[in-house]
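Only the coordinates and a few stated rules stand behind these numbers; no lab work does. Everything numeric here is computed off the predicted structure, so don't read it as measured data. Glycine gets a Cβ as well: all are built from the backbone with ideal geometry, and neighbour counts include every protein chain shown.
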Amino acid sequence: MRRATLKDAPEIARLAGELGYPTDPSEMRARLSILTDDPDHHIVVWDGAGRLLGWVHAEHRRALDAPDRVELMGLVVDPSARRSGIGAALLEAVEEWARSRGVDAIRVRSNVARDSSHPFYEKLGFERQKTQHVYRKPLRSDNA
Ligand SMILES: CC(C)(COP(=O)(O)OP(=O)(O)OC[C@H]1O[C@@H](n2cnc3c(N)ncnc32)[C@H](O)[C@@H]1OP(=O)(O)O)[C@@H](O)C(=O)NCCC(=O)NCCS
């Protein structure tokens, strides 16, 4: 396990496709170059000798109406490597980072359709808090 670098962009993009968010490698590189320079973001990869087997992205978030927290922004393990402890290890890396920042809770929003994620989070000590609707408003007429 190690911190992500810009060279990981194509593999992180490939795994984002597994998450349901196919992303062009050059777009992923642009996003990574901003996020890896931002101390409030933490991106860790599981390097399987040239091929990434998983990644996690967490953000230290601040709000007016709640204490600081770390939010899991994305987590995915390659389908060929699931159920071998990689997801739990990536999550542990985020927990360590959160503790090092003095943050005492981690939060994740997970689509109800993500069948594998719910038993995973519950096994790893997360408690379900609420169910929400997600709203989106496009800001350009060509942005459907
Ligand atoms: C959820 C995900 C990250 C888990 O990664 P993983 O490396 O397979 O998880 P681990 O091997 O560390 O599993 C740890 C424990 O969680 C539980 N668990 C994990 N996947 C599970 C599943 N599909 N069904 C039931 N329990 C599961 C088990 O208790 C497991 O321990 P065990 O294998 O010893 O029984 C992976 O399945 C994944 O990438 N899913 C698709 C993307 C996704 O849903 N991401 C989360 C977005 S919010």
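So the values come out like this:
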read-out: Computed label-point distance, nm, for sites Arg62 and Met1 using a 7 Å Cα→Cβ extension; value: 2.7
read-out: Over segment 1-137, relative contact order from alpha-carbon pairs under 8 Å, at least 6 apart, %; value: 18
read-out: Theoretical FRET efficiency, 1/(1+(r/R0)^6), r = Cβ-Cβ of Asp24 and Asp104, R0 35 Å, to 0.05; value: 0.40
read-out: Choice from Glu92, Glu18, Glu122 with maximal GNM fluctuation in the chain (Cα, 10 Å cutoff); value: Glu122
read-out: Top of Val103, Val70, Val134 by mean-square fluctuation, Gaussian network on the chain, Cα under 10 Å; value: Val134
read-out: Sites excluded, trypsin sites (Lys or Arg not before Pro) in DSSP loops with at most 14 other C-beta within 10 Å, longest stretch of the chain; value: 1-61
read-out: Principal axis box of the chain, alpha-carbon based, largest edge first, Å; value: 44, 40, 32
read-out: Residues with amide H under 5 Å from that of Gly48, placed H, sequence gap 5 or more; value: Leu53
